[in-house]
Amino acid sequence: MTTPLLGQMMDVPLTVSSLLAHAARHFGSTEIVSRRIEGDLHRYTYRDCEKRAKQLAQALIALGVEPGDRVATLAWNGYRHLEAYYGTTGFGAVCHTINPRLFPDQIAYIINHADDAYVLFDTTFAALVDTLAPQCPHVRGWIALCDEAHRPPMQTSVLCYETLMDGQDGGFDWPALDEQQASYLCYTSGTTGNPKGALYTHRSTVLHAFGAALPDSMSLSASDSVLPIVPMFHVNAWGLAHAGPLTGAKLVFPGKDLDGKSLYELMESERVTCSAGVPTVWLGLLNYLRETGGKFSSLQRTVIGGSACPPAMLRILEDDYGVQVIHAWGMTEMSPLGTLSKLNWEQSQRPLAEQRKLLEKQGHVIYGVDMKIVGEDGRELPWDGVAFGDLHVRGPWVIDRYFRKEESPLIDGWFPTGDVATIDPDSFLHITDRSKDVIKSGGEWISSIDVENVAVAHPAVAEAACIACAHPKWTERPLLVVVKRAGFDVTREELLAFYDGKVAKWWIPDDVVFVDELPHTATGKLQKLKLRDLFRDHVLPSALEDGRNCALTPGAQGKPVR
Ligand code: ADP
């Protein structure tokens, strides 16, 4: 047996602190701008940020926090939250970002499950902390992210962040860490059952940051001014708080006000070139622009993901506002980036209509993620854009197992995402559903996302959800639940007629119900489980007529048609 020849390059571990150290040294004067809870706009630089992150590390060490301990955050996007990211992970503690929009009971469950040593919180959450503290007896201290003057009146005895910082000088060297040490702990939102923890490593976080910055990914550069609307408590703001320092991009944090007006004003005043957020916030921003007639003077592109970006939104942003949309798919268990919609050279030579169809999909994987779709028998399905299957992924920033869970979620070394998708010959992914939201009509799948996308393209529709409804003949048929846009009207019949020629006939919903609002999860996704519960007893007209009206017969591809 010959001994393999080892390479002779430096063994420098990939640590989170190296990202900020790089930015502080090479982009030291680049700005980080934050709209604060206090109401003003705060500005400082990467150099200042690293010094304060080091002060925080010193303060936490003085409080007895040790490598491996979890330090949680309940905070909006801002400079103190960024300091918490680096000031904890930098010395080997784990930064546990908590979504404050979850129910207090769920948050208490997460804090106790993670066994958080300290919790850093924005003063907006003072009342929430008073509710949580009695339920979380193992937390050693709650730290308010403010100075003494802004300390809120509370029942819980809390420490003051700026006072802790003032006691430290920032004269601290980031210690060498093993790149396999834990960096961040992020919990899934737990739409089914209790939230589960994904524990990233320094290596996975840094590799993901490289992936996030790539040209065919979020394409970050030192010439960008980046405004992450996606919260830092939602999967590390999709990696922007790491890819920013990695590239030296200017960072702009919006704080707690995510309404259209506040975001637009910040984008304009800070000459933002790139942003990222879920479709719901873009809806708010677009409504604001429609009302005011505003245009973007610096914004070039935005990443939209977290749930499917309706093609109608994509068209408006690109055609009316000149903003390139990068449609992205990922999940907490994937740090989160998986695929992004960017064309290769050959695809960009095709007719415009064809390019646009491709860009509406969730896109192509970036290096670091591999994917496949499998059928019910576990066998891989073809990439023909037609076959639907369970989507499995693997790669160095994909979860291996959940925090404090023994059993592995993997199947043959692949992580089953719980999403159902097609992959086309261009290797573009198209998410059709979450497996638990799939509608099965006569044994064939209907994509609820595609059905919703048609509805929201109607001018009178603000939001739409498509769910399965029981049917005596077809087992399930689609029901469309719609929120009308204020000041607009549309009837059930008009909306159903709007589907003509836009989807296969048998995908057209059997009924439409109008409601005032739809239920959402803490991350702004449609809560279809709750909707299915609400409409459990809904009787479809087609079901009443016992199939006579829906007279389904096998179509050309053996699929039922109406
Ligand atoms: P949670 O799982 O806690 O709801 P995640 O942010 O991890 O929160 O959600 C990941 C899921 O969100 C994916 O598995 C997928 O179902 C959905 N999702 C994310 N991005 C998209 C997208 N671009 N299109 C459709 N679905 C998406």
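Nothing in this text is a laboratory measurement; each read-out follows from the coordinates by a stated rule. What you see is a predicted model; the values in this text were computed from it and never measured. Glycine also receives a Cβ, built like all others from the backbone with ideal geometry; neighbour counts cover every protein chain displayed.
Rounded to whole Å and sorted largest first, what semi-axes of the equivalent ellipsoid does the C-alpha gyration tensor of the stretch 437-545 yield via the square root of 5 times each eigenvalue? If you can, show how the numbers build up before the last one.
Values: eigenvalues 80, 57, 35 Å².
Semi-axes from the Cα gyration tensor: 20, 17, 13 Å.
In debye, nearest 20: dipole of the chain around its Cα centre with unit charges on the Cβ of K, R (+) and D, E (-)?
That gives the chain a dipole magnitude of about 380 debye.
Given +1 on the Cβ of Lys and Arg, -1 on the Cβ of Asp and Glu, and no further charges, what dipole in debye does the stretch 1-61 carry about its Cα centre, rounded to the nearest 20?
In total the dipole reaches around 160 debye.
Tell me which GluC sites (Glu not before Pro) from the stretch 385-467 have a DSSP coil assignment and no more than 11 other beta carbons within 10 Å of their own. Mind dumping the intermediate values first?
Values: sites: E406, E407, E444, E452, E463; in loops: E406, E407.
Of the GluC sites (Glu not before Pro), the ones in loops of the stretch 385-467 whose Cβ has at most 11 other Cβ atoms within 10 Å are E406, E407.
Taking θ as phi - 60°, what are the ³J(HN,Hα) couplings along the stretch 307-321 by the Karplus curve (6.51, -1.76, 1.60), each to the nearest whole Hz, with x for Gly and Pro?
8, 4, 7, x, x, 4, 5, 4, 4, 4, 4, 6, 7, 8, 10
Please compute the modelled spin-label separation between A457 and H138, points set 7 Å along Cα→Cβ, answer in nm with one decimal.
Label-label distance for H138 and A457, simple model: 5.1 nm.
Relative contact order for the chain: what percent, with Cα pairs under 8 Å and sequence separation of 6 or more? Spell out each step's value before the answer.
Working: 1166 pairs, mean separation 54.0, N = 562.
About 10 percent, as a whole number.
How would you order 394-402, 483-491 from highest to lowest mean count of nearby Cβ atoms within 10 Å?
Details: 394-402: 19.4, 483-491: 12.4.
Packing proxy ranking, top to bottom: 394-402, 483-491.
Among residues other than A243 whose Cβ falls under 13 Å from its Cβ, what is the net charge (Lys/Arg +1, Asp/Glu -1)?
Working: positive: K250; negative: D224.
Summing Lys and Arg as +1 and Asp and Glu as -1 gives 0.
With the dipole of the chain worked out from charges on the C-beta (+1 for Lys and Arg, -1 for Asp and Glu) around the Cα centre, which of V393, Q349, P4 lies farthest toward the positive end?
After comparing all options, I get Q349.
What net charge is computed for the residues neighbouring D122, neighbours being all others with C-beta under 11 Å from the C-beta of D122, Lys and Arg scored +1, Asp and Glu -1?
On the way: positive: R36, R80, K256; negative: E38.
Its environment carries a net charge of +2.
For the stretch 15-87, which GluC sites (Glu not before Pro) are both in a DSSP coil and crowded by at most 16 other Cβ atoms within 10 Å?
Listed in order of number, the matching sites are E38.
Can you tell me the FRET efficiency between A497 and E268 if r is taken as the Cβ-Cβ distance and R0 is 25 Å, rounded to the nearest 0.05?
Computed FRET efficiency for A497 and E268: 0.05.
Which whole-angstrom value gives the distance between the alpha carbon centres of the stretch 362-421 and the stretch 35-106?
Centre-to-centre (Cα) distance: 32 Å.
To the nearest 500 deg cm²/dmol, what mean residue ellipticity at 222 nm is calculated for the chain from DSSP H runs of n ≥ 4 alone, each contributing -39,500 (n - 2.57), summed and divided by the residues?
Working: 16 runs with 147 residues, N = 562.
Result for the chain: -7500 deg cm²/dmol, rounded to the nearest 500.
Mind checking which aspartates and glutamates have their Cα closer than 12 Å to the Cα of K436? Skip sequence neighbours fewer than 8 apart in that chain.
Answer for K436, where 12 Å is the Cα cut-off: D390, D419, listed by chain and number.
Computed FRET efficiency, Cβ-Cβ of T131 and Q8, R0 45 Å: what is it to the nearest 0.05? Walk me through the numbers before you get to the answer.
Working: r = 57 Å, r/R0 = 1.26.
Once the sixth-power term is evaluated, E becomes 0.20.
Less than 14 Å from a label point 7 Å out along the Cα-to-Cβ axis of E376: which backbone N atoms in the stretch 469-483 qualify, by residue?
Backbone N within reach: 475-476.
Could you order peptides 345-354, 200-209, 16-25 by the average number of other Cβ atoms within 10 Å of their residues, highest first?
Numbers: 345-354: 9.7, 200-209: 23.8, 16-25: 22.0.
Result, highest mean Cβ count within 10 Å first: 200-209, 16-25, 345-354.
So, with +1 on the Cβ of K and R and -1 on the Cβ of D and E, and no other charges, what is the size of the charge dipole of the stretch 437-545 about its Cα centre, to the nearest 20 debye?
Details: 13 positive and 17 negative charges, 52 e Å.
Value, rounded to 20: 240 debye.
Cα axis of helix 260-269 to longest principal axis of the chain: angle in degrees, 0 to 90, nearest 10?
50
Mind checking the angle between helix 46-62 and the chain's longest principal axis? C-alpha axes, 0 to 90 degrees, to the nearest 10.
70
Taking the Cβ-Cβ separation of F488 and H26 as r and a Förster radius of 45 Å, what is the calculated FRET efficiency to the nearest 0.05? Kindly include the intermediate steps, with their values, before the conclusion.
Working: r = 52 Å, r/R0 = 1.15.
That pair, F488 with H26, gives E of 0.30.
Using only the Cα atoms of the chain, construct the convex hull and provide its projected area averaged over every direction, in square nanometres to one decimal.
Values: hull surface 117.3 nm².
The Cα convex hull of the chain, projected and averaged over all directions, gives 29.3 nm².
For the stretch 521-528, in order, what is each residue's ³J(HN,Hα) by Karplus, 6.51 cos²θ - 1.76 cosθ + 1.60 with θ = phi - 60°, in whole Hz (x at glycine and Pro)?
My calculation for the stretch 521-528 gives 7, 5, 9, x, 8, 5, 9, 6 Hz in order.
For a protection proxy built on the mean count of beta-carbon atoms within 10 angstrom, sort 249-259, 108-118 highest first, please. List each step's numbers first, then the result.
Values: 249-259: 21.4, 108-118: 19.4.
Listed from highest to lowest mean packing, they are 249-259, 108-118.
Tell me, what HN-Hα J-couplings in whole Hz come from the Karplus equation 6.51 cos²θ - 1.76 cosθ + 1.60 at θ = phi - 60° for each residue of the stretch 383-400, using x for Gly and Pro?
Each residue of the stretch 383-400 in turn: 8, 10, x, 10, 5, 8, x, 6, 8, 10, 9, 7, x, x, 10, 9, 4, 9 Hz.
Mind listing the long-range amide H neighbours of F253? Cut-off is under 5 Å, sequence gap 5 or more, other chains count too, H placed in the peptide plane at 1.01 Å from N.
So F253 has HN proximity to V33, S34, R35.
Check cross-link reach from K54 to the lysines: straight Cα distance under 21 Å, and skip same-chain residues fewer than eight apart.
Within the straight-line cut-off, K54 pairs with K250.
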